[in-house]
Amino acid sequence: MKYTKRFDKRKFDQLREMEAKVGVVKRADGSALFRIGKTIAIAAVYGPRALHPSHLRNPEKGILRCNYNMMSFSGSGERIRPGPSRRSKEINLIIQKALLPVLDLSPFPNTVVDIFIELTQTDSGTRCAGITAAALALADSGLPMTDLVASVSVGTVGDKVVVDLTKEEEDFEGGATDIPVAITPRNGKITLLQLDGNITKEDLKKALELAKKTCKEIHTLQVKALKEKYGGDKK
Amino acid sequence: MIGINKQYVKSLLKEQIRQDGRKPDEFREIKIEYNVSEKSADGSAKVKLGDTEVIAGVKLEVGEPFPDNPDKGTIIVNSELLPLASPDFELGPPSIGSIELSRVVDRALRESKILDFKKLCIKEGEKVWLVFIDIYPINNAGNLFDACFLAALAALKSTRFPKYDEKNERIIYEERTSKKLPLEKNTPIECTVIKVGDTFLVDPTNEEEEVMDARLTIGILEDKKICAMQKGGDNSLSIEEILKMVDIAAKKIDHIRKAI
């Protein structure tokens, strides 16, 4: 089915309007807010700190725990019941795997770094917004990292390859494929990849190239947000 | 907080000196932002009390009334002490702290009758509106009770009913109407006063809360009547002290009300 014009009039390779801010949770060791369109994620990092129960400790390096949560009122339909769900538990896992490749926790054996991600308002792309915010919060906490992680969903809506799908596009009656991707911008490698939908190998290649291109834009904004707090350009 | 700092905070308070330089009856700056989750929630607000930050959101649902109140809807207040907001909060089932917080906010809203539950009735004995209020601290720098109450109240004020399709008995959340919640004029405000030694403080920071002897949260209506109370803390209060705390709260209510 033909998809000629995006519902929100964006170009097919255009991200929604974004906002990034570092240091939004004062009590945390690192924190950030990332908004893309109407999806808003807040991430806070605590640690490295003592890990309980102690049998989870790793004497070689610290471990990373991620917790993703949608606030009860932040869904598009009925109120979401508080507490973990199968969906949020899976997202915790994939967010952890998306962030680990850039993080060096070997100087902190037996400890844990906790990342808490809260969604206050959602319109698709929540796990990607969460990862982008979490990477910023990690950088804000000062932990040793080799790169940031930027994340966005790509995919197809009808016959078009598009970036940053909205809820409306995911539900497109002519079919849609949603591919959340996270990328380490410096080397262009992929640390998160999921897919649900229906897509050809050719379109997958196009979509991943598009993700790589647009994650650079997200990365630019991440760096800008960090410089706003730490003034990297000042001498 | 480590012991030595606790002693320091206490010794300063003995001379009526607060670490942040405020007077004992002085609030931090109150900032309220409405509709912070307009796309998702039927009503929402963010409250900042100094560095303390809280988000509250409202979702409306249609459900069956309680058998003893067949013509009344109700509110359901829930809060979660997110580990995002403080190193002292942990994941897991609702802590006793969050349950007390929710119930104290609930009590003042319910007893003030700011929301006429009868006006939430769609069909007696069968269908009523249920108002879910969910409160989340984003940063805990003390006085979550007052911040959470304000956030809940502000979220209620910003709430608009979603469209209800009576034929299919289904709420269409995508289509929010312009109809507000039927809120009464006599608005309650909660103010918490804590006692440390012989000093009484409003709007305590988390350091001050850690050294408090007792806490009293007081819900006061616009007509100055008291609609809810909750004493907390490990130590006792005399009747004179309680009345003094009520006086202190009553004086602060108008100041807090101006923010909303």
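The values are calculated or read from the model by the stated rules, or taken from the named source; none is laboratory data. None of these values were measured; they are calculated from a predicted model. Cβ coordinates were reconstructed from backbone atoms using ideal geometry, including for glycine residues, and neighbour counts include every protein chain displayed.
Summary of values
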{"read-out": "Qualifying residue in the stretch B:184-207 (condition: in a helix (DSSP H, G or I) and buried (at least 17 other Cβ atoms within 10 Å of the Cβ))", "value": "yes"}
{"read-out": "Any hit, the stretch A:32-50, residues being free of Cβ contacts under 8 Å to residues at least 60 places away in the same chain and under 23 Å from A:SER124 (Cβ atoms)", "value": "no"}
{"read-out": "Of the criteria (1) at pLDDT below 95; (2) in contact with a Lys or Arg (Cβ under 8 Å, 6 or more places away or on another chain); (3) surrounded by fewer than 16 Cβ atoms within 10 Å (Cβ to Cβ); (4) not hydroxyl-bearing (Ser, Thr, Tyr), which one B:HIS255 fails", "value": "(2)"}
{"read-out": "Residue identified as under 21 Å from B:ASP106 (Cα atoms), touching a Phe, Trp or Tyr at 6+ places or on another chain (Cβ under 8 Å) and free of Cβ contacts under 8 Å to residues at least 40 places away in the same chain among B:ILE220, B:ILE194, B:ILE226, B:ILE189", "value": "B:ILE194"}
{"read-out": "Residues (more than 14 Å from chain A (Cβ to nearest Cβ), surrounded by fewer than 19 Cβ atoms within 10 Å (Cβ to Cβ) and either without any contact (Cβ under 8 Å) to a residue 24 or more places away in the chain or aliphatic (A, V, I, L, M) (or both)) located in the stretch B:116-134", "value": "B:ILE122, B:LYS123"}
{"read-out": "From the options B:LEU243, B:LEU221, residue that is within 18 Å of the chain's Cα centre (by Cα) and either buried (at least 21 other Cβ atoms within 10 Å of the Cβ) or not polar (S, T, N, Q) (or both)", "value": "B:LEU221"}
{"read-out": "Pick from the stretch B:63-98, criterion of a type in the set (A, V, I, L, M), surrounded by fewer than 21 Cβ atoms within 10 Å (Cβ to Cβ) and touching a strand residue (DSSP E or B) at 6+ places or on another chain (Cβ under 9 Å), ranking: farthest from the other protein chains (Cβ to nearest Cβ)", "value": "B:ILE76"}
{"read-out": "Residue pairs meeting the criteria (Cβ under 7 Å; at least 6 apart or on separate chains; first more than 14 Å from chain A (Cβ to nearest Cβ), in the stretch B:171-186; second polar (S, T, N, Q) and assigned to a loop (DSSP other than H, G, I, E, B))", "value": "B:LYS180/B:THR159; B:LEU181/B:THR159"}
{"read-out": "Matching residues, the stretch A:28-53, being touching a Leu at 6+ places or on another chain (Cβ under 8 Å) and of a type in the set (Phe, Trp, Tyr)", "value": "A:PHE34"}
{"read-out": "Leading residue by the ranking (surrounded by the fewest Cβ atoms within 10 Å (Cβ to Cβ)) among those in the stretch B:147-169 that are of a type in the set (Lys, Arg) and at pLDDT 95 or above", "value": "B:LYS163"}
{"read-out": "The lone exception for A:LYS167 - which of (1) within 14 Å of another protein chain (Cβ to nearest Cβ); (2) out of contact with any helix residue (DSSP H, G or I) (no Cβ under 8 Å at 6 or more places or on another chain); (3) modelled with pLDDT of 95 or more it fails", "value": "(3)"}
{"read-out": "Number of the exception - A:SER106 against (1) surrounded by 20 or more Cβ atoms within 10 Å (Cβ to Cβ); (2) in contact with an Asp or Glu (Cβ under 8 Å, 6 or more places away or on another chain)", "value": "(1)"}
{"read-out": "Residue count, the stretch B:136-170 (criterion: without any contact (Cβ under 8 Å) to a residue 12 or more places away in the chain, outside any loop (DSSP other than H, G, I, E, B) and not basic (Lys, Arg))", "value": "1"}
{"read-out": "Residues satisfying the stated conditions in the stretch A:125-172, i.e. without any contact (Cβ under 8 Å) to a residue 12 or more places away in the chain and under 14 Å from A:LEU15 (Cα atoms)", "value": "none"}
{"read-out": "Odd one out for A:GLU209, checked against (1) touching a strand residue (DSSP E or B) at 6+ places or on another chain (Cβ under 8 Å); (2) surrounded by fewer than 20 Cβ atoms within 10 Å (Cβ to Cβ)", "value": "(1)"}
{"read-out": "Out of B:LYS39, B:LYS46, sole residue that is within 12 Å of chain A (Cβ to nearest Cβ) and closer than 18 Å to B:THR177 by Cβ", "value": "B:LYS39"}
{"read-out": "Residue in the stretch A:105-129 that is nearest to the other protein chains (Cβ to nearest Cβ), counting only those that are assigned to a loop (DSSP other than H, G, I, E, B), out of contact with any helix residue (DSSP H, G or I) (no Cβ under 7 Å at 6 or more places or on another chain) and not hydroxyl-bearing (Ser, Thr, Tyr)", "value": "A:GLY125"}
{"read-out": "Members of the stretch A:17-55 that are more than 23 Å from A:TYR230 (Cα to Cα) and away from chain B (no Cβ under 12 Å)", "value": "A:GLU17, A:LEU51, A:PRO53, A:SER54, A:HIS55"}
{"read-out": "Candidate set from the stretch B:145-162 (those that are within 12 Å of chain A (Cβ to nearest Cβ) and not small (Gly, Ala, Ser)); member that is farthest from B:VAL36 (Cα to Cα)", "value": "B:PRO162"}
{"read-out": "When residues of the stretch A:56-81 are limited to those that are of a type in the set (S, T, N, Q) and either part of a strand (DSSP E or B) or more than 9 Å from chain B (Cβ to nearest Cβ) (or both), the one nearest to B:TYR173 (Cα to Cα)", "value": "A:ASN69"}
